[in-house]
1. Quick one: in the range 208-222, which of the residues that are within 24 Å of the chain's Cα centre (by Cα) and loosely packed, with under 14 Cβ neighbours inside 10 Å is farthest from N247 (Cα to Cα)?
2. What's the number of the condition Y169 fails, among (1) within 22 Å of the chain's Cα centre (by Cα); (2) farther than 28 Å from V117 by Cβ?
3. Among the residues of the range 233-260, how many are part of a helix (DSSP H, G or I) and within 16 Å of I183 (Cβ to Cβ)?
4. Consider A79 carefully, then state whether it is closer than 30 Å to L266 by Cα, among the hydrophobic types (A, V, I, L, M, F, W, C) and surrounded by 14 or more Cβ atoms within 10 Å (Cβ to Cβ).
5. With respect to the numbered conditions (1) crowded, with 17+ Cβ neighbours inside 10 Å; (2) under 24 Å from L266 (Cα atoms); (3) of a type in the set (K, R), which one is the sole condition not fulfilled by K205?
6. Condition check: under 20 Å from the mean Cα position of the chain (by Cα), more than 27 Å from G285 (Cβ to Cβ) and not basic (K, R). Does G188 satisfy that?
7. Which numbered condition trips up K140, out of (1) within 25 Å of Q69 (Cα to Cα); (2) outside any helix (DSSP H, G or I); (3) among the basic types (K, R)?
8. Which ones in the range 36-82 are farther than 30 Å from F135 by Cα, under 17 Å from the mean Cα position of the chain (by Cα) and in a helix (DSSP H, G or I)?
Amino acid sequence: MAKRKIWIDCAKVVAIISVILCHVKGTVYTSDIVRALGNFSVSLFVLLSGVTAWYSLKKVQTKNPFVIQIVRILKLFGAYALATLMYHIYHERTIVPKEYFERLIDFDITGPFYFFVFFFQLMIIAPLLVGWIQFCKNKKHQVLWHVLSVVGITIIATLSIQFTSIRDYFGGSRYLFGGTYLILYYVGMLLSAVGCLENGERRKKYCFWVALPMWIVWWVLSGLNLLPFDKWLRDLWGNGVNPPSFNVILFAIITLFLAYSVFDSLSLHQSKWIQSVLKAFSVIGKATLYIFMYHMLVLDILWDRAFYEESLLIRRTITIPLLIVTPVIIQWVIHKSVGFLGKVFKKNE
């Protein structure tokens, strides 16, 4: 596995833990300072998706990138449809086809599924964004082109929030391209394109010592609700939470650089213990889609158990580990089942 892939997988673990922290307030903790650690959750995922989209699509030369993206969307939709079915069966204790398909189209069988509405749109336009960044890179004054492009993307995102509405979906999913999530997706691509996330020990050290204090300050001030930018931009970007405001966007970017500087440096360390930890993080990082899709189902199952509801100690002890490990096992079972069925079909041909 490439070193870059290791740090990206580890950063995904940070993002998914942040997502879980959002959803266990009141179950595991009540502090607003702790809750602020969940502010960058989905935003960091979108930022990382932009990073990986650049790395994957820039290599595409012989195939149509739009066809590749459509195939990826269909695979992702299949995983989403299966997860929706699992929630439906658990809550209804049976399959009601009409209700299942309604929930599938509404993306609302569980709160986090709003994400897919705008993420599918971002995946569709990803080749266009990659092509535009490549175009800007070939210009004489490419820095100016990139700056103007970010300004243009920001204007498009703002107009999306002001003038578009896609049904009555939650948060950023109700706006074309997710509103300000578009900014994060584009910035993720751009950071990859201009080499901000490439190897370089001195660069990573500077990055760490700049990002760490910024991250701490941003976290604490967010938790205390002392950052003013959300109030300034409320009329343009909504409530500042979803879709993300300037506060959240910058928090996600700072977290990205901090994760890059830490995990990419550790990936070069010779310690077997550190490498083992990174491999474990990488396994979890590869399963973050399934953790994202199934952690709320695990939480629903836990809350249906009397021992869980009655004991705060048990909730604080087992909740987060189970919300991570159980979906990893679900992913393993699904992949093994698909592989087995694939072999069976090939034998019967």
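The values are calculated or read from the model by the stated rules, or taken from the named source; none is laboratory data. The structure displayed is predicted, hence computed values, not measured ones. Heads up, the Cβs are rebuilt from the backbone with ideal geometry, glycines too, and the neighbour counts pull from every protein chain shown.
1. So, considering only residues that are within 24 Å of the chain's Cα centre (by Cα) and loosely packed, with under 14 Cβ neighbours inside 10 Å, the one farthest from N247 (Cα to Cα) is P213.
2. The failed condition is (2).
3. Of all residues in the range 233-260, those part of a helix (DSSP H, G or I) come to 234-237, 246-260.
Narrowing further to those that are within 16 Å of I183 (Cβ to Cβ): 236-237, 246-256.
Going through the range 233-260 one residue at a time, the tally reaches 13.
4. For A79, the condition - closer than 30 Å to L266 by Cα, among the hydrophobic types (A, V, I, L, M, F, W, C) and surrounded by 14 or more Cβ atoms within 10 Å (Cβ to Cβ) - is not met.
5. (1)
6. When the stated conditions are applied, G188 does not pass them.
7. Against the list (1) within 25 Å of Q69 (Cα to Cα); (2) outside any helix (DSSP H, G or I); (3) among the basic types (K, R), K140 comes up short only on (1).
8. Residues satisfying the conditions are A36, L37, G38, S41, F77, A79, Y80.
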